[in-house]
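In what follows, a single structure is set out as structure tokens and then discussed.
The values are calculated or read from the model by the stated rules, or taken from the named source; none is laboratory data. Remember, predicted model here, so these are calculated numbers, not experimental data. Cβ placement follows ideal geometry from the backbone for every residue including glycine, while neighbour counts extend to all protein chains displayed.
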Amino acid sequence: MASSSSDVNTAGRLRGLFADVIELAQVRLELFTVEARVELSRLTWLAALGALAVVFVSFGLIFLAIFLTVLVWDTHRLVALGIFTTLFLGGGLVLALLAWQRARQGARMFAASRDELRRDQERLRA
């Protein structure tokens, strides 16, 4: 008879443990979802600001190059055009290489979710 109540007690504990694990997984999934939304919002805002900045700076540089080329048109027009072409192509190449390097490094997305899962794993192993 004692064995039967012990089996029921063990089964109850297992169900409770399983329910706790399910609840923990649900909380971690909700945290992940919140982080994903925040990160998507941040990246969207960053992309919009970045695109506008690129447009304005590009127009500014183009008009500056045209202005300076017209200013020296009678004396050094080919030198001015060569310098601006070199600056724009060189700058674009350097920025493209920096972007490529940064993209390869990757970002630490969902850091809080990964930290919480690591802590959960450590607690379960202890």
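So which of Ala25, Ala80, Ala65 is without any contact (Cβ under 8 Å) to a residue 40 or more places away in the chain, over 18 Å from the mean Cα position of the chain (by Cα) and within 18 Å of Ala112 (Cβ to Cβ)?
From the options Ala25, Ala80, Ala65, the qualifying one is Ala25.
Quick one: would you say Glu39 is of a type in the set (D, E, K, R) and in contact (Cβ under 8 Å) with a residue 12 or more places away in the chain?
Answer is yes for this residue.
With the structure loaded, tell me whether Asp115 is in contact with a helix residue (DSSP H, G or I) (Cβ under 7 Å, 6 or more places away or on another chain) and closer than 30 Å to Val21 by Cβ or whether it fails that test.
Spelling it out, it is not the case that Asp115 is in contact with a helix residue (DSSP H, G or I) (Cβ under 7 Å, 6 or more places away or on another chain) and closer than 30 Å to Val21 by Cβ.
Residue by residue, here is whether (1) within 30 Å of Ala36 (Cβ to Cβ); (2) touching a Phe, Trp or Tyr at 6+ places or on another chain (Cβ under 9 Å); (3) of a type in the set (A, V, I, L, M) holds:
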{"position": "Arg77", "(1), (2), (3)": "no, no, no"}
{"position": "Phe84", "(1), (2), (3)": "no, no, no"}
{"position": "Ala99", "(1), (2), (3)": "yes, no, yes"}
{"position": "Gln105", "(1), (2), (3)": "yes, no, no"}
{"position": "Gln121", "(1), (2), (3)": "yes, no, no"}
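Do we find a residue being modelled with pLDDT under 85, surrounded by 11 or more Cβ atoms within 10 Å (Cβ to Cβ) and not β-branched (Val, Ile, Thr) anywhere in segment 92-101?
No - not one qualifying residue is present in segment 92-101.
Is it the case that segment 111-119 has a residue that's exposed (fewer than 12 other Cβ atoms within 10 Å of the Cβ) and either modelled with pLDDT of 90 or more or on the phi > 0 side of the Ramachandran plot (or both)?
No, because not a single residue in segment 111-119 is exposed (fewer than 12 other Cβ atoms within 10 Å of the Cβ) and either modelled with pLDDT of 90 or more or on the phi > 0 side of the Ramachandran plot (or both).
Do the conditions hold for Glu35, that is, is it within 30 Å of Leu17 (Cβ to Cβ), in a helix (DSSP H, G or I) and within 14 Å of the chain's Cα centre (by Cα)?
It is true that Glu35 is within 30 Å of Leu17 (Cβ to Cβ), in a helix (DSSP H, G or I) and within 14 Å of the chain's Cα centre (by Cα).
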